[in-house]
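> Right, I'll just put the structure down here and ask away after.
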Amino acid sequence: MLRLLSSLLLVALASGCGRPSYHPSTRVVNGEDAVPYSWPWQISLQYEKNRAFHHTCGGTLIAPEWVMTAGHCISSSMTYQVVLGEYDRAEEEGPEQVIPINSEDLFVHPGWNPNCVACGNDIALIKLSRPAKLGDSVQLACLPPAGEVLPDEAPCYISGWGRLYTGGPLPDKLQQALLPVVGHERCSKWDWWGSALRETMVCAGGDIRSGCNGDSGGPLNCPAADGSWQVHGVTSFVSAFGCNTRKKPTVFTRVSAFNDWIQETMASN
């Protein structure tokens, strides 16, 4: 039964995902305003404080009822909501879908250790309390095949509402930035990320463009051969010395290392 559900999920995602109605142009640090709704699987994860909700992380809509984000974005003591179809957080533009999250519907990878970010497994799934309504501004992401590793310099984009620079403000409008992949061999050199980089991670960017606080959990969007986009990474961590430190590219959880866990979690919940 699990294998059947997994097969159906893969078919569904492959047939109707990763093709935005509004094509991306070519902040995130040193990024640019994204074309509105050109990353229609991007979500804003928000937590409640003082009777208001505040953006904390990004995430990716991977099925009508499921969002993928980072493990470090989730706390069992917080109340969350997910906003789909968001672009300008300062304006109510119409396509937004605000969906509350039940505390029992937060699934953090069992191998995630909040005291050891570099140990990996920084991935989580959120089950929405009701299915997303899909359309031009809200669409599903495609996930890469299990085990796929991108080559050095593959042209991927990070997207999110993270800080525009270290310690800087959060933007209102969704930002994007071209972050070419930094291959594991180069990124794991001693003067880059060294032993902090695991095989289940992927590096992208450099000392000019990077992710920053608030981008966590969001997607690394990479073009596939068939013209669609695949989400190959979940934004995980940057250097403690700053968001765009030389030889410390943004590090993402490599999605293709967790296909089995994603499918099993969705099928059993």
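> Does at least one position in region 32-43 carry a residue that is at pLDDT 90 or above, within 19 Å of R130 (Cα to Cα) and surrounded by fewer than 23 Cβ atoms within 10 Å (Cβ to Cβ)?
Within region 32-43, none of the residues are at pLDDT 90 or above, within 19 Å of R130 (Cα to Cα) and surrounded by fewer than 23 Cβ atoms within 10 Å (Cβ to Cβ).
> Would you call E86 surrounded by 22 or more Cβ atoms within 10 Å (Cβ to Cβ), among the charged types (D, E, K, R) and at pLDDT 75 or above?
Spelling it out, E86 is indeed surrounded by 22 or more Cβ atoms within 10 Å (Cβ to Cβ), among the charged types (D, E, K, R) and at pLDDT 75 or above.
> Taking region 137-192 as the search range and keeping residues that are closer than 30 Å to Q97 by Cβ and basic (K, R), which one is surrounded by the fewest Cβ atoms within 10 Å (Cβ to Cβ)?
Top of the filtered list is K173.
> Pairs only if they're at least six apart or on different chains, beta carbon under 6 angstrom, first in region 48-76 and closer than 14 Å to G218 by Cβ and part of a strand (DSSP E or B), second at pLDDT below 95 and of a type in the set (F, W, Y); list them, first residue then second.
H55/W161
> Does V28 satisfy the condition of being at pLDDT below 90, among the β-branched types (V, I, T) and under 20 Å from the mean Cα position of the chain (by Cα)?
Considered against the rule, which asks whether it is at pLDDT below 90, among the β-branched types (V, I, T) and under 20 Å from the mean Cα position of the chain (by Cα), V28 comes out as yes.
> Looking at region 82-97, which of its residues are touching a Ser or Thr at 6+ places or on another chain (Cβ under 6 Å) and part of a loop (DSSP other than H, G, I, E, B)?
Of everything in region 82-97, those that are touching a Ser or Thr at 6+ places or on another chain (Cβ under 6 Å) and part of a loop (DSSP other than H, G, I, E, B) turn out to be G85, E86, P95.
> Starting from region 229-244, take each residue that is modelled with pLDDT under 90 and list its partners that are surrounded by fewer than 22 Cβ atoms within 10 Å (Cβ to Cβ), counting only C-beta distances under 6 angstrom and pairs at least six apart or across chains.
Close Cβ pairs (under 6 Å, with a partner that is surrounded by fewer than 22 Cβ atoms within 10 Å (Cβ to Cβ)) amount to F237/V117; S239/T245; G242/T166; C243/T166; N244/D207.
> Another question, then. In region 133-247, which strands (runs of 3 or more DSSP E) lie fully inside it and hold 3 or more residues that are in contact with a Phe, Trp or Tyr (Cβ under 8 Å, 6 or more places away or on another chain), under 28 Å from E65 (Cβ atoms) and not basic (K, R)?
219-223, 229-237
> Next question. If a residue has to be in contact with a strand residue (DSSP E or B) (Cβ under 6 Å, 6 or more places away or on another chain) and of a type in the set (D, E, K, R) to count, how many in region 97-120 make the cut?
Within region 97-120, residues that are in contact with a strand residue (DSSP E or B) (Cβ under 6 Å, 6 or more places away or on another chain) and of a type in the set (D, E, K, R) number 1.
The values are calculated or read from the model by the stated rules, or taken from the named source; none is laboratory data. The shown structure was predicted, so the numbers you read here are calculated from the model rather than taken from an experiment. FYI the Cβ positions are ideal-geometry reconstructions off the backbone, even for glycines, and counts take in every protein chain you see.
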